[in-house]
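To start, the structure under review is shown below, and the notes come after it.
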Amino acid sequence: MTDRLLNREVLEKAFQALAAKLKRRGIVGELHVFGGAAMVLAFNAREATRDVDAVFAPDTHVIMAAQEVAEELKLPKTWLNNQASNYVSGVAGRGTPVFDHPFLRVMVTPPEHLLAMKVRAARALRDADDIRFLLKHLNIDRIENVKKIVSRYFPDDAISNRSVQLVEDILSL
């Protein structure tokens, strides 16, 4: 298998194949996408991503079908994964549909939730461009507004100094 990047075209082809596999099983799948794939699918903010971070249901059927899609399309085995699901807020909401098929519905998390997740991660090399894009998209120019969004989605976790510094650096440019 190759570590190829997933652009919009590859993602749509993978979702079509996943929908077909779920249809054969008589299963309706639902994916709630966040991370880099959300930046590609909902915002055209980047060309590609390494994988699709998502919360999905029904878990076992979607995972089995996704593994088959990986083999067929020569995608990374974890092209679709739920490894970052622990970082998703319980109040995220449903988000915006980006792929709709009778057997597979794919939604992207709301931009405010995505911003909160990116700010909490605060990986300068991986998240800075996405944070910059989301701040502009949401018309946010003050750290106080970012803190409010983060606390709305993650009320029990204080925003880290590293996160504040990264956002302040981005806002000062």
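Remarks
- For the peptides 35-46, 159-170, 134-145, 109-120, the ranking by mean Cβ contacts within 10 Å, running from highest to lowest, is 109-120, 35-46, 159-170, 134-145.
- Reach of LYS148 by Cα under 25 Å, taken over lysines that are not fewer than 8 positions away in the same chain: LYS118, LYS136
- Largest-first principal axis extents of the Cα set of the range 113-172 (Å): 26, 22, 18
- Computed over the chain, the per-residue total of -39500 (n - 2.57) for DSSP H runs of n ≥ 4 gives a 222 nm mean residue ellipticity of -16000 deg cm²/dmol, rounded to 500.
- Sum of side-chain charges, HIS101 neighbourhood, beta-carbon under 15 Å (Lys, Arg +1; Asp, Glu -1): +3
- Phi angles of the range 79-84 translate, via the Karplus equation with coefficients 6.51, -1.76, 1.60 and θ = phi - 60°, into HN-Hα couplings of 4, 10, 8, 10, 5, 9 Hz per residue; Gly and Pro are given as x.
- Between the residues ASN82, PHE154, GLN67, the greatest Cα displacement towards the positive end of the dipole of the chain, with unit charges on the Cβ of Lys, Arg, Asp and Glu, is found for GLN67.
- Distance in nm between pseudo-label sites at GLN83 and LEU173 (7 Å out along the Cβ direction from Cα): 2.6 nm
- Cubic angstrom per residue, convex hull over Cα atoms of the range 29-173: 111 Å³
- Among LEU31, LEU5, the ranking by other beta carbons within 10 Å of each residue's beta carbon, starting with the fewest, stands as LEU5, LEU31.
- Take every DSSP beta bridge whose two residues both sit in the range 6-109; close to 65 percent of them are antiparallel.
- 3J(HN,Hα) along the range 103-119: 10, 7, 10, 10, 10, 9, 4, x, x, 5, 5, 4, 4, 4, 5, 5, 5 Hz, from the Karplus curve 6.51 cos²θ - 1.76 cosθ + 1.60 with θ = phi - 60°, whole Hz, x for Gly and Pro.
- The spacing between the range 117-168 and the range 1-42, judged by their C-alpha centroids, is 27 Å.
The numbers here are math on the coordinates, done by the rules we state, and not lab data. The structure presented is a predicted model; accordingly, all values stated were derived computationally and were not measured. Reconstructed Cβ throughout: ideal geometry from the backbone, glycine too, with neighbour counts over all protein chains shown.
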